[in-house]
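I have placed the structure first, in the form of C-alpha coordinates, so that the comments after it can refer back to it.
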Amino acid sequence: MAAPDPTTIGRYEVVSRLGLGGMGSLYLAKDPKIGRLLAIKLVRQEFDTPDARQRFAREAQSAGTLRHPNIVTIFDVDEHEGLPFIAMEYIDGETLGEIVKRKALMPVTKKLSWVEDLCGGLAYAHRQGVIHRDIKPANLMVDTEGSLKILDFGLARRDASKFTQSHIIIGTPNYMSPEQIRGVNIDTRSDIFSVGALLYEVLTYKEAFPGAVHQTMHKILHEEPEPLDVYVPALDPAVQRILDRAL
(Lines give C-alpha, C1' and ligand atoms only; values in the text may rest on other atoms or scores of the structure.)
Protein backbone atom coordinates (compact mmCIF):
# COMPACT_ATOMS: atom_id res chain seq x y z
CA MET A 1 0.00 0.00 0.00
CA ALA A 2 1.32 3.44 -0.92
CA ALA A 3 2.50 5.64 1.94
CA PRO A 4 0.10 8.48 2.86
CA ASP A 5 0.96 11.98 1.69
CA PRO A 6 2.84 14.03 4.29
CA THR A 7 1.08 16.89 6.06
CA THR A 8 4.29 18.88 6.23
CA ILE A 9 7.55 18.84 4.28
CA GLY A 10 10.29 20.52 6.23
CA ARG A 11 8.68 23.68 7.61
CA TYR A 12 6.15 23.85 4.79
CA GLU A 13 2.47 22.89 5.20
CA VAL A 14 1.19 20.56 2.46
CA VAL A 15 -2.05 21.75 0.84
CA SER A 16 -2.50 19.01 -1.77
CA ARG A 17 -0.60 16.69 -4.09
CA LEU A 18 -0.24 18.10 -7.60
CA GLY A 19 1.07 14.97 -9.29
CA LEU A 20 3.71 12.27 -9.61
CA GLY A 21 6.91 12.55 -11.63
CA GLY A 22 9.50 10.02 -12.69
CA MET A 23 11.23 9.94 -9.31
CA GLY A 24 9.29 12.29 -7.08
CA SER A 25 5.95 13.62 -5.95
CA LEU A 26 4.94 17.24 -6.49
CA TYR A 27 2.98 19.03 -3.78
CA LEU A 28 1.28 22.37 -3.39
CA ALA A 29 2.42 23.74 -0.05
CA LYS A 30 2.37 26.94 2.00
CA ASP A 31 5.22 28.69 3.73
CA PRO A 32 3.73 29.39 7.19
CA LYS A 33 6.15 32.27 7.83
CA ILE A 34 5.00 34.44 4.92
CA GLY A 35 1.87 32.67 3.67
CA ARG A 36 3.30 32.10 0.19
CA LEU A 37 2.13 29.15 -1.89
CA LEU A 38 4.89 27.11 -3.48
CA ALA A 39 5.46 23.80 -5.23
CA ILE A 40 7.59 21.13 -3.55
CA LYS A 41 9.23 18.25 -5.40
CA LEU A 42 9.98 15.41 -2.96
CA VAL A 43 11.88 12.25 -3.89
CA ARG A 44 9.70 9.18 -3.31
CA GLN A 45 11.10 6.53 -0.99
CA GLU A 46 11.13 3.84 -3.68
CA PHE A 47 13.20 6.07 -5.97
CA ASP A 48 15.67 7.29 -3.35
CA THR A 49 18.84 6.33 -5.20
CA PRO A 50 22.21 8.03 -5.70
CA ASP A 51 21.08 8.91 -9.25
CA ALA A 52 17.89 10.59 -7.99
CA ARG A 53 19.82 12.55 -5.39
CA GLN A 54 22.37 13.61 -7.98
CA ARG A 55 19.58 14.80 -10.28
CA PHE A 56 17.98 16.79 -7.47
CA ALA A 57 21.31 18.35 -6.56
CA ARG A 58 21.95 19.18 -10.22
CA GLU A 59 18.58 20.88 -10.56
CA ALA A 60 19.13 22.93 -7.41
CA GLN A 61 22.64 23.97 -8.43
CA SER A 62 21.75 24.72 -12.06
CA ALA A 63 18.44 26.55 -11.57
CA GLY A 64 18.95 27.85 -8.03
CA THR A 65 20.94 30.91 -9.07
CA LEU A 66 18.93 31.70 -12.22
CA ARG A 67 16.60 34.69 -11.91
CA HIS A 68 14.52 35.26 -15.02
CA PRO A 69 10.77 35.76 -15.60
CA ASN A 70 10.68 32.70 -17.90
CA ILE A 71 12.49 30.31 -15.54
CA VAL A 72 10.93 28.77 -12.44
CA THR A 73 12.45 30.21 -9.24
CA ILE A 74 14.01 27.84 -6.67
CA PHE A 75 13.44 28.94 -3.06
CA ASP A 76 14.85 26.17 -0.90
CA VAL A 77 16.58 22.78 -0.91
CA ASP A 78 16.54 20.47 2.09
CA GLU A 79 15.57 17.00 3.33
CA HIS A 80 12.34 15.69 4.83
CA GLU A 81 12.67 12.51 6.88
CA GLY A 82 15.87 11.72 5.01
CA LEU A 83 14.41 12.38 1.54
CA PRO A 84 15.61 15.38 -0.51
CA PHE A 85 13.16 18.04 -1.66
CA ILE A 86 13.18 21.24 -3.69
CA ALA A 87 10.80 24.10 -2.85
CA MET A 88 10.08 26.28 -5.87
CA GLU A 89 7.75 28.88 -7.31
CA TYR A 90 4.19 27.61 -7.73
CA ILE A 91 2.86 28.30 -11.23
CA ASP A 92 -0.91 28.21 -11.64
CA GLY A 93 -1.51 26.93 -15.15
CA GLU A 94 -0.82 23.89 -17.34
CA THR A 95 2.14 22.40 -19.11
CA LEU A 96 2.69 23.00 -22.78
CA GLY A 97 2.46 19.22 -23.11
CA GLU A 98 -1.12 19.31 -21.83
CA ILE A 99 -1.98 22.13 -24.24
CA VAL A 100 -0.54 20.18 -27.19
CA LYS A 101 -2.27 16.97 -26.13
CA ARG A 102 -5.72 18.57 -26.14
CA LYS A 103 -4.93 20.44 -29.39
CA ALA A 104 -6.07 23.73 -27.88
CA LEU A 105 -7.41 26.26 -30.37
CA MET A 106 -4.83 29.04 -30.16
CA PRO A 107 -3.76 31.74 -32.61
CA VAL A 108 -0.33 31.22 -34.16
CA THR A 109 0.80 34.51 -32.61
CA LYS A 110 0.17 33.15 -29.10
CA LYS A 111 2.06 29.95 -29.87
CA LEU A 112 4.99 31.96 -31.20
CA SER A 113 4.94 34.15 -28.09
CA TRP A 114 5.39 31.02 -25.95
CA VAL A 115 8.41 30.02 -28.02
CA GLU A 116 9.74 33.59 -27.65
CA ASP A 117 9.40 33.26 -23.86
CA LEU A 118 11.25 29.93 -24.03
CA CYS A 119 14.05 31.46 -26.10
CA GLY A 120 14.33 34.40 -23.69
CA GLY A 121 14.70 32.11 -20.68
CA LEU A 122 17.12 29.78 -22.45
CA ALA A 123 19.27 32.64 -23.76
CA TYR A 124 19.62 33.88 -20.18
CA ALA A 125 20.48 30.40 -18.88
CA HIS A 126 23.04 29.97 -21.64
CA ARG A 127 24.67 33.28 -20.72
CA GLN A 128 25.01 31.93 -17.18
CA GLY A 129 26.70 28.80 -18.54
CA VAL A 130 23.70 26.48 -18.08
CA ILE A 131 22.49 24.09 -20.80
CA HIS A 132 19.09 22.55 -20.04
CA ARG A 133 19.41 19.33 -22.12
CA ASP A 134 15.75 18.31 -21.71
CA ILE A 135 13.60 20.96 -23.39
CA LYS A 136 10.21 19.39 -24.18
CA PRO A 137 6.53 20.37 -23.79
CA ALA A 138 6.17 18.60 -20.43
CA ASN A 139 8.96 20.75 -18.94
CA LEU A 140 7.35 24.06 -19.88
CA MET A 141 4.50 25.63 -17.91
CA VAL A 142 2.07 28.24 -19.26
CA ASP A 143 0.58 30.31 -16.43
CA THR A 144 -2.90 31.81 -16.25
CA GLU A 145 -1.57 35.08 -17.73
CA GLY A 146 -0.29 33.23 -20.80
CA SER A 147 3.43 33.47 -19.99
CA LEU A 148 5.74 30.46 -20.27
CA LYS A 149 8.25 29.26 -17.68
CA ILE A 150 10.97 26.64 -18.00
CA LEU A 151 10.89 23.80 -15.45
CA ASP A 152 13.05 20.81 -14.50
CA PHE A 153 16.75 21.51 -14.73
CA GLY A 154 17.47 17.98 -13.48
CA LEU A 155 19.56 17.12 -16.54
CA ALA A 156 21.22 20.53 -16.85
CA ARG A 157 24.93 21.19 -16.72
CA ARG A 158 26.62 24.41 -15.57
CA ASP A 159 30.27 23.84 -16.47
CA ALA A 160 30.59 24.13 -20.26
CA SER A 161 33.51 21.70 -20.29
CA LYS A 162 31.47 18.99 -18.61
CA PHE A 163 28.06 19.24 -20.25
CA THR A 164 27.96 15.56 -21.07
CA GLN A 165 30.13 12.49 -20.99
CA SER A 166 31.02 10.92 -24.30
CA HIS A 167 28.91 7.92 -25.34
CA ILE A 168 26.22 8.62 -22.69
CA ILE A 169 22.79 9.50 -24.11
CA ILE A 170 20.90 12.01 -21.95
CA GLY A 171 17.54 13.61 -22.72
CA THR A 172 14.11 12.76 -24.17
CA PRO A 173 14.42 11.00 -27.57
CA ASN A 174 11.86 13.02 -29.59
CA TYR A 175 13.62 16.31 -28.75
CA MET A 176 17.29 15.26 -28.62
CA SER A 177 19.84 16.90 -30.85
CA PRO A 178 21.91 14.62 -33.10
CA GLU A 179 24.87 15.25 -30.78
CA GLN A 180 22.88 14.03 -27.77
CA ILE A 181 21.92 10.87 -29.66
CA ARG A 182 25.54 10.24 -30.59
CA GLY A 183 26.60 10.80 -26.97
CA VAL A 184 29.24 13.38 -27.83
CA ASN A 185 30.01 16.71 -26.18
CA ILE A 186 27.31 19.33 -26.68
CA ASP A 187 26.93 23.08 -26.33
CA THR A 188 24.05 25.56 -26.33
CA ARG A 189 23.09 24.62 -29.90
CA SER A 190 21.75 21.32 -28.58
CA ASP A 191 19.03 23.21 -26.69
CA ILE A 192 18.30 25.24 -29.83
CA PHE A 193 17.67 22.02 -31.76
CA SER A 194 15.20 20.95 -29.05
CA VAL A 195 13.46 24.33 -29.35
CA GLY A 196 13.11 23.70 -33.09
CA ALA A 197 11.48 20.32 -32.50
CA LEU A 198 9.18 21.92 -29.94
CA LEU A 199 8.33 24.85 -32.24
CA TYR A 200 7.24 22.37 -34.92
CA GLU A 201 5.04 20.47 -32.46
CA VAL A 202 3.44 23.58 -30.95
CA LEU A 203 2.51 24.93 -34.39
CA THR A 204 1.27 21.66 -35.92
CA TYR A 205 0.30 19.59 -32.85
CA LYS A 206 2.36 16.80 -34.43
CA GLU A 207 5.79 15.66 -33.29
CA ALA A 208 8.63 16.68 -35.58
CA PHE A 209 10.26 13.27 -35.08
CA PRO A 210 7.54 10.76 -34.08
CA GLY A 211 7.91 7.05 -33.40
CA ALA A 212 9.46 4.60 -30.96
CA VAL A 213 12.90 5.38 -29.54
CA HIS A 214 15.12 3.90 -32.27
CA GLN A 215 12.79 5.07 -35.05
CA THR A 216 12.82 8.60 -33.64
CA MET A 217 16.60 8.62 -33.33
CA HIS A 218 16.97 7.49 -36.95
CA LYS A 219 14.66 10.29 -38.13
CA ILE A 220 16.58 12.93 -36.18
CA LEU A 221 19.88 11.76 -37.64
CA HIS A 222 18.75 11.19 -41.23
CA GLU A 223 15.38 12.83 -42.02
CA GLU A 224 13.63 16.20 -42.05
CA PRO A 225 10.07 16.77 -40.76
CA GLU A 226 7.37 17.67 -43.28
CA PRO A 227 7.22 21.39 -44.10
CA LEU A 228 5.15 23.47 -41.69
CA ASP A 229 2.80 24.72 -44.43
CA VAL A 230 1.48 21.17 -44.87
CA TYR A 231 -0.31 21.68 -41.54
CA VAL A 232 -0.38 25.50 -41.19
CA PRO A 233 -1.04 26.76 -44.75
CA ALA A 234 -1.09 30.53 -44.08
CA LEU A 235 2.10 30.57 -41.99
CA ASP A 236 4.69 33.25 -42.71
CA PRO A 237 7.56 31.54 -44.64
CA ALA A 238 10.01 33.23 -42.25
CA VAL A 239 8.90 30.85 -39.51
CA GLN A 240 9.92 27.87 -41.66
CA ARG A 241 13.35 29.47 -42.16
CA ILE A 242 13.72 29.92 -38.40
CA LEU A 243 12.75 26.27 -37.87
CA ASP A 244 15.23 25.09 -40.52
CA ARG A 245 17.99 27.10 -38.83
CA ALA A 246 17.17 25.64 -35.41
CA LEU A 247 17.18 22.07 -36.72
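For the subset of region 236-247 comprising residues that are free of Cβ contacts under 8 Å to residues at least 60 places away in the same chain and open to solvent by less than 80 Å² (accessible area, probe 1.4 Å), which member is nearest to ILE220 (Cα to Cα)?
Residues of region 236-247 free of Cβ contacts under 8 Å to residues at least 60 places away in the same chain: 236-238, 240-247.
The next check asks that each one be open to solvent by less than 80 Å² (accessible area, probe 1.4 Å); those that pass are 238, 240, 243, 246-247.
Values: ALA238: 22, GLN240: 17, LEU243: 14, ALA246: 13, LEU247: 9 Å.
By that ranking, first place goes to LEU247.
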With respect to the numbered conditions (1) more than 23 Å from ASN139 (Cα to Cα); (2) open to solvent by 40 Å² or more (accessible area, probe 1.4 Å), which one is the sole condition not fulfilled by VAL15? (1)
Looking at (1) outside any helix (DSSP H, G or I); (2) in contact (Cβ under 8 Å) with a residue 24 or more places away in the chain; (3) open to solvent by 20 Å² or more (accessible area, probe 1.4 Å), which is the one condition that is false for ILE192? (1)
From the list GLU46, GLU13, which one is farther than 14 Å from ASP78 by Cα, in contact with a Pro (Cβ under 8 Å, 6 or more places away or on another chain) and among the charged types (D, E, K, R)? GLU13
So which residues in region 206-219 are under 20 Å from the mean Cα position of the chain (by Cα) and surrounded by fewer than 16 Cβ atoms within 10 Å (Cβ to Cβ)? LYS206, PRO210, VAL213
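Going through ALA60, ALA39 one at a time, which residue ends up being in contact (Cβ under 8 Å) with a residue 12 or more places away in the chain and under 16 Å from MET141 (Cβ atoms)? Steps first, answer last, please.
Numbers: ALA60 fails: under 16 Å from MET141 (Cβ atoms).
Result of the check over ALA60, ALA39: ALA39.
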Using the structure shown, decide if LYS103 is more than 14 Å from PHE153 (Cα to Cα), of a type in the set (Lys, Arg), open to solvent by 80 Å² or more (accessible area, probe 1.4 Å) and in contact (Cβ under 8 Å) with a residue 40 or more places away in the chain. yes
ASN70 is checked against (1) open to solvent by less than 70 Å² (accessible area, probe 1.4 Å); (2) without any contact (Cβ under 8 Å) to a residue 40 or more places away in the chain and fails just one. What number does that condition carry? (2)
Over region 220-235, the set of residues open to solvent by 90 Å² or more (accessible area, probe 1.4 Å) and either within 23 Å of MET176 (Cα to Cα) or not in a helix (DSSP H, G or I) (or both) is HIS222, GLU224, GLU226, PRO233, ALA234
Would you point out which residue out of ASP76, ASP51, ASP5 is under 23 Å from ALA156 (Cβ atoms) and open to solvent by 60 Å² or more (accessible area, probe 1.4 Å)? ASP51
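The values are calculated or read from the model by the stated rules, or taken from the named source; none is laboratory data. Computed from a prediction, not measured in an experiment: that's the story for all the values here. A quick note on method: Cβ atoms are made from the backbone with ideal geometry, for glycine too, and the neighbour counts reach across all protein chains shown. Remember, those area values only see protein heavy atoms, side chains included, never the ligands or the DNA or RNA. Shrake-Rupley method; radii C 1.70, N 1.55, O 1.52, S 1.80 Å.
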